[in-house]
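Quick notes on the structure that follows.
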Amino acid sequence: MTEDLRIAFVTDLHLSAVRPYYQDNWELVLEWIEEEKPDLVVVGGDVVLSDPDDDADHAFARKQLDRITAPWLVIPGNHDVGENIISGGKGQKKVDEARRRRWLDHFGQDFWRNDVGEWTLIGVNAQIVNGDGLAADEEQKTFLAEAAAMTPDDRPIALFVHKPLFMDHPSETDVHGHCLELDARRQLLAPFAGKRLVFIACGHKHQYRSFGMDGLLHIWAPATSSINFPPDVKMWGLREVGFIDFSLGQGERLGRVRQRLVGRDFLFRHESYIRNLEYGDVMKAPPVDQRG
Ligand SMILES: [Fe+2]
Ligand SMILES: [Fe+2]
């Protein structure tokens, strides 16, 4: 019997050299990877604490990813390259060529296609989709069309993207600032018409959710770092920390997905909103070495 492909999907690490508020959880995730030896680790973005312009945090996050004792791939999140131009919240730093360049300098690529065993994995830079004239958006669009076209119709595909495609239903237009807007959603999925797209895994919301819709599985991985927002804010999924342990079927089980939430029982359930409320912004919180 062909062995399953085991993929750990870890996301929203929110790492920082001077504000290592979630470093304890990252150490525990690294330990788990070392012990469990997945075939691959996919990192779902938001690897830096908060500021897409903080070069030191990008360098630090890269060093932390290099500690992963398994093959790994990474896609960027909104804190790594800036927010989506059209749907990103007001007052947020938006993605641009310079911010994307910073990411590429540290991490090499922001979208990719990888054949692993009998599956094809595709990673996307969610922040540049429907990028309002951004050259990188066109580049990625061409890449996605080619990546889908070169994948045989019966080969299972898994898509990794930082943000959820939607919150309540696929045709919704109110994105609440939390997910891809309608046009971005449609543009992202268009190349996969007629293909065997099995699941989409995302991060960003720091919540766990797994549901099927029109033959496609949507899996929201929680953050390894923290949960966010006060407890009375509307929540769509489970408000926990952790990550996803995927077992992807091959051979006679080709296309079968088993996934489980790992870590809620051993990671610290940090709550980022407490520090945000105290200091107004996490980047204004005191660096650890200045504390009394
Ligand atoms: Fe995040
Ligand atoms: Fe995010």
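Can you say whether R209 is under 25 Å from F243 (Cβ atoms), open to solvent by 30 Å² or more (accessible area, probe 1.4 Å), out of contact with any helix residue (DSSP H, G or I) (no Cβ under 7 Å at 6 or more places or on another chain) and among the basic types (K, R), as far as the supplied structure shows?
Details: under 25 Å from F243 (Cβ atoms): yes; open to solvent by 30 Å² or more (accessible area, probe 1.4 Å): yes; out of contact with any helix residue (DSSP H, G or I) (no Cβ under 7 Å at 6 or more places or on another chain): yes; among the basic types (K, R): yes.
Here the answer is yes, as R209 does meet what is asked.
In this structure, is W220 within 16 Å of ligand 1 (Cβ to nearest atom) and open to solvent by less than 20 Å² (accessible area, probe 1.4 Å)?
Working: within 16 Å of ligand 1 (Cβ to nearest atom): yes; open to solvent by less than 20 Å² (accessible area, probe 1.4 Å): yes.
Criteria met by W220.
Quick check on region 155-172. Is at least one of its residues within 16 Å of ligand 1 (Cβ to nearest atom), assigned to a loop (DSSP other than H, G, I, E, B) and surrounded by fewer than 22 Cβ atoms within 10 Å (Cβ to Cβ)?
Yes; the residues of region 155-172 include at least one that is within 16 Å of ligand 1 (Cβ to nearest atom), assigned to a loop (DSSP other than H, G, I, E, B) and surrounded by fewer than 22 Cβ atoms within 10 Å (Cβ to Cβ).
Would you be able to say whether some residue in region 185-200 is open to solvent by 10 Å² or more (accessible area, probe 1.4 Å), away from ligand 1 (no atom under 16 Å from the Cβ), farther than 26 Å from P156 by Cα and without any contact (Cβ under 8 Å) to a residue 40 or more places away in the chain?
Checked against the condition, which is being open to solvent by 10 Å² or more (accessible area, probe 1.4 Å), away from ligand 1 (no atom under 16 Å from the Cβ), farther than 26 Å from P156 by Cα and without any contact (Cβ under 8 Å) to a residue 40 or more places away in the chain, region 185-200 yields no hits at all.
Consider region 66-78. How many of its residues are within 14 Å of ligand 2 (Cβ to nearest atom) and either out of contact with any Leu (no Cβ under 8 Å at 6 or more places or on another chain) or part of a helix (DSSP H, G or I) (or both)?
Adding up the residues that qualify gives 4.
Name the pairs whose Cβ atoms lie under 8 Å apart, with the first residue in region 44-65 and within 14 Å of ligand 2 (Cβ to nearest atom), the second acidic (D, E) and open to solvent by 40 Å² or more (accessible area, probe 1.4 Å), and 6 or more positions between them or separate chains?
Note: pairs meeting the criteria are S50/D281.
Please state which one of H218, H206 is in contact with a strand residue (DSSP E or B) (Cβ under 8 Å, 6 or more places away or on another chain) and within 14 Å of ligand 2 (Cβ to nearest atom).
Working: H218 fails: within 14 Å of ligand 2 (Cβ to nearest atom).
Among H218, H206, only H206 is in contact with a strand residue (DSSP E or B) (Cβ under 8 Å, 6 or more places away or on another chain) and within 14 Å of ligand 2 (Cβ to nearest atom).
Please indicate, with yes or no, whether at least one residue in region 29-37 is assigned to a loop (DSSP other than H, G, I, E, B), away from ligand 1 (no atom under 16 Å from the Cβ) and over 22 Å from K93 (Cα atoms).
yes
Inside region 79-119, can you point out the residues that are closer than 30 Å to D174 by Cβ, open to solvent by less than 50 Å² (accessible area, probe 1.4 Å) and either in a loop (DSSP other than H, G, I, E, B) or away from ligand 2 (no atom under 16 Å from the Cβ) (or both)?
Matches in region 79-119: G82, N84, I85, S87, G88, G89, V95, D110, F111.
If I ask for residues that are at pLDDT 95 or above, in a loop (DSSP other than H, G, I, E, B) and either under 19 Å from V42 (Cβ atoms) or in contact with a Pro (Cβ under 9 Å, 6 or more places away or on another chain) (or both), which ones from region 203-236 would you list?
Those that are at pLDDT 95 or above, in a loop (DSSP other than H, G, I, E, B) and either under 19 Å from V42 (Cβ atoms) or in contact with a Pro (Cβ under 9 Å, 6 or more places away or on another chain) (or both): G203, H204, K205, H206, Q207, A221, P222, A223, T224, S225.
In region 251-269, how many residues are assigned to a loop (DSSP other than H, G, I, E, B) and either surrounded by fewer than 19 Cβ atoms within 10 Å (Cβ to Cβ) or of a type in the set (G, A, S) (or both)?
9
Within region 46-97, track down each residue that is away from ligand 1 (no atom under 13 Å from the Cβ), in contact with a Ser or Thr (Cβ under 7 Å, 6 or more places away or on another chain) and under 18 Å from S226 (Cα atoms).
D57
How many of the residues in region 168-185 are over 25 Å from T120 (Cβ atoms) and within 14 Å of ligand 2 (Cβ to nearest atom)?
4
So which residues in region 1-16 are more than 16 Å from ligand 2 (Cβ to nearest atom), modelled with pLDDT of 95 or more and not in a strand (DSSP E or B)?
Scanning region 1-16 gives E3, D4.
The values are calculated or read from the model by the stated rules, or taken from the named source; none is laboratory data. Predicted model only: the values in this text are computed from it and were never measured. Because the Cβ atoms are built from the backbone with ideal geometry, glycine has one as well, and the counts that use them run over all protein chains shown. Surface accessibility is based on the protein's heavy atoms, side chains included, excluding ligands, DNA and RNA. Shrake-Rupley method; radii C 1.70, N 1.55, O 1.52, S 1.80 Å.
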